[in-house]
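Working notes, beginning with the structure itself.
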Amino acid sequence: MSSTAEPATEEARQRLFFALWPPDALTLALAALARAHVPPRARALPAGNLHITLAFVGPVTAATRACLEQAAATVTGAPFELALDRIGAWPGPGILWLAPSVIPSALGQLAGDLQQALRPCGYRPEARAYQPHVTLARKLKGRFPAVAVPPLHWPVRDFVLVESLTTPAGPCYQVLRRWPLAT
């Protein structure tokens with residue numbers, strides 16, 4: 001995971017990331033797909049936490065959050081359509097995912113432009129190539145070969161800043177701000 005580097009202080013921090021956030025109807029379809037494919041011993045993510053991460057930032061101060069928001073406001077891009085049509089797993093981290101078999105160039109451009117814009121705020125992108133996906137479940141055991149599924153169509157019209165809150169029931173994600181993609 002990438003993160004901003006800040007010295008340890010007593011100042012309050014928020015754990016943040018930028019993401020594509022699905023519309024309500026798509027969230028329901030993603031949750032239904034997860035119910036159909038998540039094995040019994042894996043831990044399915046709550047429907048309200050389903051998203052595609054563009055840039056994971058990590059814990060930051062209010063000043064860094066302000067910098068990140070200003071940087072995100074400079075990012076432009078056109079709306080695009082995303083077809084999520086492939087389900088598979090990464091056995092090492094035990095993650096079951098849903099992803100597009102074809103990544104729209106607009107998505108790659110948006111993620112790259114956003115990550116570049118965040119650099120002056122201390123953000124360091126991951127070294128590995130960007131792999132857009134929706135995490136459906138964690139703690140997956142064993143093999144799960146990637147297979148095609150009927151596509152779920154996602155009209156991407158904006159991107160968001162999200163806070164990850166720790167609760168007794170597990171992580172809960174809260175959208176803090178949206179930036180529309182221009183038409």
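The values are calculated or read from the model by the stated rules, or taken from the named source; none is laboratory data. In this text the structure is predicted, and so the values were computed from the model without any measurement. Quick reminder, even Gly has a Cβ in these numbers, built from the backbone with ideal geometry, and neighbours come from all protein chains shown. All accessible areas refer to the heavy atoms of the entire protein, side chains included, with ligands and DNA or RNA removed. Shrake-Rupley method; radii C 1.70, N 1.55, O 1.52, S 1.80 Å.
What are the ³J(HN,Hα) couplings of region 47-58, residue after residue, when phi is run through the Karplus curve with 6.51, -1.76, 1.60 and θ = phi - 60°? Round to Hz, x for glycine and proline.
Those phi angles translate into 3, x, 9, 6, 6, 10, 6, 9, 7, 8, 9, x Hz.
At 0.36 nm per residue, minus the direct Cα-Cα distance, what do Leu28 and Ala129 gain on full extension? Give it in nm, one decimal, please. Each step should come with its number before you reach the end.
Values: separation 101, 0.36 × 101 = 36.36 nm, distance 2.89 nm.
Here the segment from Leu28 to Ala129 would lengthen by 33.5 nm.
For Cα Rg over 2.2 N^0.38 Å, the choices are (i) 1.22; (ii) 1.34; (iii) 1.03; which was calculated from the structure?
So the calculated entry is the one marked (iii).
Give me the percent of accessible area attributable to carbon and sulfur for the chain, probe 1.4 angstrom. All intermediate terms of the calculation are to be shown ahead of the outcome.
Details: 5500 of 9670 Å².
Carbon and sulfur together cover 57 percent of it.
Once every DSSP H run of n ≥ 4 in the chain is given -39500 (n - 2.57) and the sum is divided by its residues, what mean residue ellipticity at 222 nm do you get, rounded to the nearest 500 deg cm²/dmol? Show your work: numbers first, answer last.
Details: 3 runs with 39 residues, N = 183.
About -7000 deg cm²/dmol.
Does anyone have the angle between helix 62-72 and the longest principal axis of the chain? Alpha-carbon axes, 0 to 90°, nearest 10?
Long axis of 62-72 versus the principal axis of the chain: about 70 degrees.
What angle do you read, to the nearest 10 degrees and between 0 and 90, between the alpha-carbon axis of helix 24-37 and the longest principal axis of the chain?
Long axis of 24-37 versus the principal axis of the chain: about 50 degrees.
Which trypsin sites (Lys or Arg not before Pro) from region 40-82 combine a DSSP loop assignment with at most 15 other Cβ atoms within 10 Å?
Arg41
Is any residue of region 28-57 close enough, with backbone N under 16 Å, to a label point placed 7 angstrom from the Cα of Thr167 along the Cα-Cβ axis, and if so, which?
Only 44-51 pass the distance filter.
Please get the size of the charge dipole for region 105-160, origin at its Cα centre, with Cβ charges of +1 on Lys and Arg and -1 on Asp and Glu, quoted in debye to the nearest 20.
400 debye
Could you list which residues have their amide H under 5 Å from that of His133, counting only those 5 or more apart in sequence or on another chain, with H placed in the peptide plane?
When sequence neighbours closer than 5 places are left aside, the close amide H contacts are Thr53.
Where only protein heavy atoms count, and the probe is 1.4 Å, what is the accessible area per residue for region 1-140 in Å²?
Numbers: 6860 Å² over 140 residues.
Accessible area per residue, region 1-140: 49 Å².
Check the cysteines of the chain one by one and keep only those with no other cysteine Cβ under 4.7 Å from their own.
Result for the chain is Cys172, no neighbouring Cys Cβ within the cutoff.
So if a site counts as exposed when it's one of the GluC sites (Glu not before Pro), its DSSP state isn't H, G, I, E or B, and it has at most 12 other Cβ atoms within 10 Å, what's the longest stretch of the chain without one?
In short, 12-183.
Mind pulling the angle between the C-alpha long axis of helix 105-118 and the longest principal axis of the chain? Nearest 10 degrees, somewhere in 0 to 90.
It is inclined by approximately 30 degrees.
For region 141-146, just list the computed ³J(HN,Hα) in residue order, Karplus coefficients 6.51, -1.76 and 1.60, θ = phi - 60°, integers in Hz, with x standing in for Gly and Pro.
Karplus values, whole Hz, x for Gly and Pro: 10, x, 8, 8, x, 5.
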